Amino acid sequence: MISSIIFISLLIILGIFSFKRYRQIYQNIQLGMPWSPSNQLKDRIKNTILIALGQKKMFSRPIPAIFHLFIYLAFIFTQIELIEILIDGIFNSHRFIFHLAEGSFAASIYIGLINFIEILSVSAFVATLVFLSRRNLLKLPRLNMKELTGWPAKDANIILIAEIYLISCIFIMNSADLALQDPANSQYHFLLSSLLVPFWNGISFHTIEIFERIGWWGHVIGIFGFIAYLPYSKHLHIILAFPNAFFSNDDAKGKINYMPQIFNEIQSMMDPSFASNSDGSEMKFGAKDVQDLTWKNLLDAYSCTECGRCTSSCPANQTGKLLSPRKIMMDTRDRLEEVGINIQENGSFVPDNKSLIHDYISVEELRACTTCNACVEECPVNISPLDIIVQLRRNLIMEESNSPQEWNMMFGNIETNGAPWKFSPTERGNWANK
Ligand code: SF4
Ligand code: SF4
């Protein structure tokens with residue numbers, strides 16, 4: 001009874017806590033400008049299945065992809081076991097689903113499933129050790145860049161250690177559970193846990209019972225803690241990868257969207273009856289802060305896994321420039337969080353003399369981008385750091401006139417000559433006369 005009350009209380013606290021945080025994230029994403037994908041619904045569903053569920057883009061680097069797949073599958077299938085844990089916790093029962101199915105074919109399916117989860121858990125355990133080693137011992141360059149120092153590095157390690165803790169709890173619980181059974185009349189047999197049963201030899205029945213409960217409660221508290229921590233971590237991508245893939249764009253990589261503001265300006269120059277800014281609101285070019293980006297850009301920022309595949313394939317980064325597309329995404333998310341807290345505390349946004357450009361992302365970073373799209377191509381969850389870079393750069397140039405001298409000459413030539421070169425349009429055909 002007391003156990004059920006504690007479990008239900010923890011569940012309610014977790015529900016309230018998580019609801020508040022997810023609502024905050026949703027509201028933050030809603031701060032973005034309107035945007036709608038250009039692709040069909042069937043293509044969006046296909047993207048979700050292939051990219052989010054099937055992890056298709058991960059396999060461009062097969063070895064980390066396989067280890068990641070172990071952790072991913074273990075995570076998915078453990079959720080099935082979680083259903084039974086929830087029922088047992090609420091009703092203070094023990095292996096409710098097994099006893100419900102006992103004696104029928106469904107009980108064999110149950111035992112098969114727990115055995116499968118145990119195999120996946122061991123694979124995930126090995127994968128987690130590999131991931132911890134390559135991050136902390138092998139010091140893989142893309143996982144040890146400047147933007148990952150401090151909290152991001154801790155965040156990655158916390159989750160990996162939590163995975164080891166959760167898997168250990170499963171095996172303590174299952175092996176102790178097996179050890180408590182009468183060997184002559186055992187109800188279920190879990191292959192991998194049974195290998196650990198000899199460790200319980202010589203320990204009293206009562207002590208093993210306590211350890212079984214420690215394993216169970218340890219697992220429950222670990223899962224609850226993981227769920228509560230998730231929306232504060234880069235591991236939020238476990239959830240957001242799905243909507244992010246659903247809303248990802250299938251436009252040709254080289255396509256850079258035109259600016260409606262420019263279209264309206266030109267239209268009004270050519271046709272005076274055309275109301276260029278009919279709603280009377282202040283016209284803005286590009287994005288200076290997170291509220292000027294689209295909601296999809298903001299969803300991208302929350303979905304970033306911080307894997308650094310974009311940065312490791314970025315030619316600007318490879319040639320020693322300051323630009324890291326991963327940092328662009330992390331900065332966007334950090335600034336969005338700051339703006340969200342500002343709104344939460346004041347009811348509406350109170351200017352804080354900060355902006356995404358300059359205070360988070362420098363002019364030097366923005367200018368280094370070649371718009372090659374390698375980062376977009378590489379991203380396993382279809383994020384586009386380039387879209388944010390282009391919007392910020394448009395603001396720099398069109399609102400702040402902040403561009404290098406060489407670019408200004410080119411802009412002047414385009415304006416007066418209709419081409420980047422200094423020749424007049426009337427001289428353009430001269431080459432044919434030579
Ligand atoms: S588009 Fe820009 S940020 Fe992305 S890889 Fe190319 S140079 Fe780097
Ligand atoms: S933008 Fe994509 S590739 Fe780059 S760090 Fe984030 S998830 Fe990885």
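Measure nothing fancy, just the Cα-based angle from helix 151-180's long axis to the longest principal axis of the chain, in degrees from 0 to 90, nearest 10. So the inclination is approximately 20 degrees. Could you list, by residue number, the cysteines of the chain that have no other cysteine's beta carbon within less than 4.7 Å of their beta carbon? Cys169, Cys304, Cys307, Cys314, Cys369, Cys372, Cys379 - these cysteines have no disulfide-compatible partner (Cβ-Cβ under 4.7 Å) in the chain. Backbone amide hydrogens, once placed in the peptide plane, bring Thr294 within less than 5 Å of Met33, excluding anything fewer than 5 places away on its chain. When you count the other C-beta atoms within 10 angstrom of each residue and take the mean per peptide, 108-117, 197-206, 134-143 line up highest first as 108-117, 134-143, 197-206.
Between helix 105-136 and the chain there is an angle of about 50 degrees, using the helix long axis and the longest principal axis of the Cα atoms. The Cβ shell under 12 Å around Glu338 holds other residues with a net charge of -4, Lys and Arg each +1, Asp and Glu each -1.
Which angle between 0 and 90 degrees, to the nearest 10, do you get for helix 62-91 versus the longest principal axis of the chain when only C-alpha atoms count? Tilt relative to the chain: about 50 degrees.
For region 365-434, the alpha-carbon radius of gyration amounts to 1.53 times the rule-of-thumb value 2.2 N^0.38 Å expected for a compact globular protein.
Protection proxy ranking for 38-45, 73-80, 305-312, using the average of other Cβ atoms within 10 Å per residue and placing the highest first: 305-312, 73-80, 38-45.
Between Ser424 and Thr149, the distance separating the two model label sites (each 7 Å from Cα on the Cα→Cβ line) works out to 5.7 nm.
Per residue, the convex hull spanned by the Cα atoms of the chain measures out at 209 cubic angstrom. Per-residue 3J(HN,Hα) values for region 254-270, derived from phi via the Karplus relation 6.51 cos²θ - 1.76 cosθ + 1.60 with θ = phi - 60°, read x, 6, 10, 4, 6, 9, x, 4, 5, 4, 5, 4, 5, 4, 6, 5, 7 Hz in sequence order (x marks Gly and Pro).
Among Ser133, Ser273, Ser355, the ranking by other beta carbons within 10 Å of each residue's beta carbon, starting with the fewest, stands as Ser273, Ser133, Ser355. Were the residues from Ile227 through Ile16 laid out at 0.36 nm apart, the gain over their Cα-Cα distance would be 74.8 nm. Highest mean first, the peptides 13-21, 28-36 sorted by other C-beta atoms within 10 Å per residue fall in the order 28-36, 13-21.
Counted residue by residue at 0.36 nm each, then reduced by the alpha carbon distance between them, the extension gain from Ser60 to Ser273 reaches 71.4 nm.
Only the coordinates and a few stated rules stand behind these numbers; no lab work does. All of these numbers come straight from a predicted model, not from anything done at the bench. We place every Cβ from the backbone using ideal geometry, glycine too, and count neighbours over all the protein chains shown.
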